[in-house]
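Working notes, structure below.
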Amino acid sequence: MAKDFTTREADYSKWYNELVTKADLAEHSAVRGCMVIKPYGFAIWEKMQAELDTMFKETGHQNAYFPLFIPKSYLSKEADHVEGFAKECAVVTHYRLKNGEDGGVVVDPEARLDEELVVRPTSETIIWNTYKGWIQSYRDLPILVNQWANVVRWEMRTRLFLRTAEFLWQEGHTAHATKEEAVAETEQMLDVYADFAEKYMAIPVLKGLKTPAERFAGALETYCIEALMQDGKALQAGTSHFLGQNFAKAFEVQFASKEGKLEYVWATSWGVSTRLMGALVMAHSDDNGLVLPPKLAPQQVVVVPIYRNEEQLAAIGEVAQNILAELKAKGIRARYDDRDTHRPGWKFAEYEFKGVPLRIAIGPRDLENKTVELSRRDTLTKEGVPLEGLADRIEGLLEEIQDSLFQRALDFRAASSHRVDTYNDFKEALEKGGFIYAHWDGTAETEAKIKEETKATIRCIPLNAEAEEGSCIYSGKPSNKRVVFAKAY
RNA sequence: CGGGGUAUAGCGUAGUCCGGUUAUCGCGCCUGCUUUGGGAGCAGGAGGUCCCAAGUUCGAAUCUUGGUACCCCGACCA
């Protein structure tokens with residue numbers, strides 16, 4: 001399993017690919033650019049979904065579902081939007097096959113669609129076309145809807161979880177009577193994403209605004225959370241867009257205000273995807289395999305018996321079942337692995353590679369001493385602990401591991417964040433990787449030049465950026481705050 | 001989509017340049033016995049459209065052409 005596992009230092013990208021496939025998270029499918037998410041990987045995604053879904057509902061949102069197919073003409077109603085997505089759309093042109101001459105099937109040329117259907121790359125257009133029918137008055141607002149769905153973007157180069165042609169995500173689409181309300185919603189959802197990333201994924205994130213060049217196609221403002229991976233590259237982990245009245249105007253969605261005037265609706269959209277799985281893997285895992293934060297681990301504790309005969313196994317089983325019952329009562333996800341098809345050492349290695357936060361081993365020695373052996377995945381340490389009070393101890397340890405993973409990632413980010421004031425220092429800092437805080441003159445030209453010369457992009461203009469007089473590292477023109485640069489996934 | 005590389009059993013591979021018996025080795029798998037506190041040992045066994053298609057040839061894993069997928073580097077992107 002973890003034998004012959006590539007180290008991060010040897011080849012980070014190979015390490016990532018091997019980890020994802022060997023830990024049974026996902027594998028490549030027969031379809032180019034599309035992955036199969038395996039049960040273990042999907043279980044982690046389901047934990048993420050469940051937490052996010054709860055957070056969405058707590059902030060007043062409801063789930064709904066819109067079609068996979070979008071009439072081609074819808075996409076072109078918002079000019080920037082179509083320009084942004086046109087190059088990567090899969091298109092359905094026919095609705096029937098027929099028997100071919102060679103025994104296979106061929107597309108029936110008689111069955112061409114009058115209007116071609118685009119497989120959604122995102123759902124703004126079909127949703128705003130729908131909202132048009134839902135909104136007449138200010139009393140119909142706000143609309144706070146989220147959808148869990150799959151989308152397709154025909155990417156040139158794909159990587160498991162980080163960029164696949166088809167991916168799973170959620171997309172929130174809201175409609176508001178005022179600009180202020182829509183902006184507040186955009187910011188609220190950014191906070192929800194940041195909280196989720198930090199509290200559940202144990203990944204610290206920077207909250208910021210995208211530059212106009214990096215904005216979502218059709219948005220007036222794109223807010224984002226940016227995470228730092230262990231190789232020093234940044235990963236955009238979530239986005240929340242203030243769409244202004246662009247889509248309302250494109251789809252003619254107007255409402256009668258309290259004052260009796262017809263006004264265009266204000267919109268937001270926000271999303272996170274299975275890319276978060278990639279972030280989770282790259283933020284915490286090590287050369288021994290996956291490391292999962294307890295809050296998202298499908299199994300938080302696993303109990304492995306060590307025995308020489310059936311009597312011992314029976315005695316251990318009794319102790320193990322008691323432990324499991326106590327853990328279950330505390331809402332801790334635990335499993336007793338008494339499979340006789342694998343030996344203890346094999347199980348240790350397996351659970352270590354799959355990132356189970358805590359492992360308990362119980363053998364004859366423990367039965368005698370009323371103890372267990374407790375091992376932590378994050379620190380790879382183990383100790384003998386008394387059975388007495390074990391469940392409380394585990395409950396505390398899980399929290400400690402969750403906090404410690406976050407702290408470790410936070411320390412790494414602090415150590416990988418640099419402030420530079422010259423272009424030379426900037427290029428030097430880029431070699432080391434990480435977030436680079438530097439002054440920028442605010443022009444798209446400078447941004448593009450820097451990207452061209454160094455491959456670094458402006459990840460965001462931090463929301464908490466302090467006012468500071470300085471001069472652009474590239475042009476020398478004045479700037480009043482630092483922005484964050486990095487090489488990104 | 002441009003440049004480079006790879007494709008042989010479930011996985012990792014030798015063989016390919018220079019065509020020639022029954023395609024190599026390790027892990028894994030199956031059976032039996034002994035084992036079980038960090039990926040067990042011994043013995044026996046099963047498993048192959050050599051990525052796909054066409055061509056050259058008496059003969060193709062090996063040569064030619066076309067296709068597909070994956071990896072790395074660019075451009076694009078959640």
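The values are calculated or read from the model by the stated rules, or taken from the named source; none is laboratory data. Keep in mind that what you see is a predicted model, and the values were worked out from it rather than measured. In this analysis, Cβ positions are derived from the backbone assuming ideal geometry, glycine residues included, and neighbour counts consider all displayed protein chains. Heads up: the accessible areas ignore ligands, DNA and RNA and are worked out on the full protein's heavy atoms, side chains in. Shrake-Rupley method; radii C 1.70, N 1.55, O 1.52, S 1.80 Å.
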Failed item in (1) of a type in the set (D, E); (2) farther than 30 Å from A:L280 by Cβ; (3) in contact (Cβ under 8 Å) with a residue 12 or more places away in the chain, with A:D378 passing the rest: (2)
From the list A:T164, A:T211, A:T222, pick out the single residue that is surrounded by 20 or more Cβ atoms within 10 Å (Cβ to Cβ) and touching a residue at least 40 places away in the same chain (Cβ under 8 Å). A:T164
So which residues in the range A:276-295 are under 18 Å from A:A50 (Cα atoms) and away from RNA strand B (no atom under 14 Å from the Cβ)? A:L292, A:P293, A:P294, A:K295
Among the residues of the range A:35-47, which ones are over 25 Å from A:W154 (Cα atoms) and open to solvent by less than 40 Å² (accessible area, probe 1.4 Å)? A:Y40, A:A43, A:I44
Taking the range A:409-420 as the region of interest, how many residues are open to solvent by 50 Å² or more (accessible area, probe 1.4 Å) and without any contact (Cβ under 8 Å) to a residue 60 or more places away in the chain? 3
From the residues in the range A:361-382 that are more than 10 Å from RNA strand B (Cβ to nearest atom) and farther than 21 Å from A:A314 by Cα, which one is least open to solvent (accessible area, probe 1.4 Å)? A:D378
Inside the range A:421-472, can you point out the residues that are part of a loop (DSSP other than H, G, I, E, B), open to solvent by less than 10 Å² (accessible area, probe 1.4 Å) and either modelled with pLDDT of 95 or more or of a type outside the set (A, V, I, L, M) (or both)? A:G434, A:C472
If I filter the range A:5-21 for residues that are more than 10 Å from RNA strand B (Cβ to nearest atom), surrounded by 14 or more Cβ atoms within 10 Å (Cβ to Cβ) and without any contact (Cβ under 8 Å) to a residue 40 or more places away in the chain, do I get at least one hit? yes
In the range A:135-151, which residues are under 29 Å from A:C89 (Cα atoms) and open to solvent by 20 Å² or more (accessible area, probe 1.4 Å)? A:L144, A:W148, A:N150
Going residue by residue through the range A:272-284, is there one that turns out to be assigned to a strand (DSSP E or B) and either acidic (D, E) or touching a Lys or Arg at 6+ places or on another chain (Cβ under 8 Å) (or both)? no
Among what's in the range A:22-34 and is farther than 14 Å from A:S285 by Cβ and open to solvent by less than 30 Å² (accessible area, probe 1.4 Å), pick the residue that is modelled with the lowest pLDDT. A:G33
Could you list, in sequence order, all residues of the range A:92-133 that are under 27 Å from A:Q245 (Cβ atoms) and free of Cβ contacts under 8 Å to residues at least 40 places away in the same chain? A:P121, A:G133
Among helices (runs of 4 or more DSSP H) completely within the range A:15-90, the ones holding 2 or more residues that are among the small types (G, A, S) and in the same structural domain as A:G218 (by TED's automatic domain parsing) are A:39-58
So A:V304 passes all but one of these: (1) under 30 Å from A:G33 (Cα atoms); (2) within 14 Å of RNA strand B (Cβ to nearest atom). Which condition number does it fail? (1)
Can you find a residue that is modelled with pLDDT under 90, farther than 30 Å from A:A248 by Cα and within 14 Å of RNA strand B (Cβ to nearest atom) anywhere in the range A:71-81? no
Determine which single condition A:Y65 fails, assuming it passes every other condition in (1) loosely packed, with under 13 Cβ neighbours inside 10 Å; (2) farther than 30 Å from A:A194 by Cβ; (3) not aliphatic (A, V, I, L, M). (2)
Heads up, the strands (runs of 3 or more DSSP E) in the range A:145-260 (entirely inside) with at least 2 residues that are touching a helix residue (DSSP H, G or I) at 6+ places or on another chain (Cβ under 6 Å), within 12 Å of RNA strand B (Cβ to nearest atom) and not hydroxyl-bearing (S, T, Y) are A:221-228, A:234-244
Report, by residue number, each residue of the range A:307-349 that is near RNA strand B (Cβ under 8 Å from one of its atoms) and open to solvent by 80 Å² or more (accessible area, probe 1.4 Å). A:R308, A:D340, A:T341, A:R343, A:W346
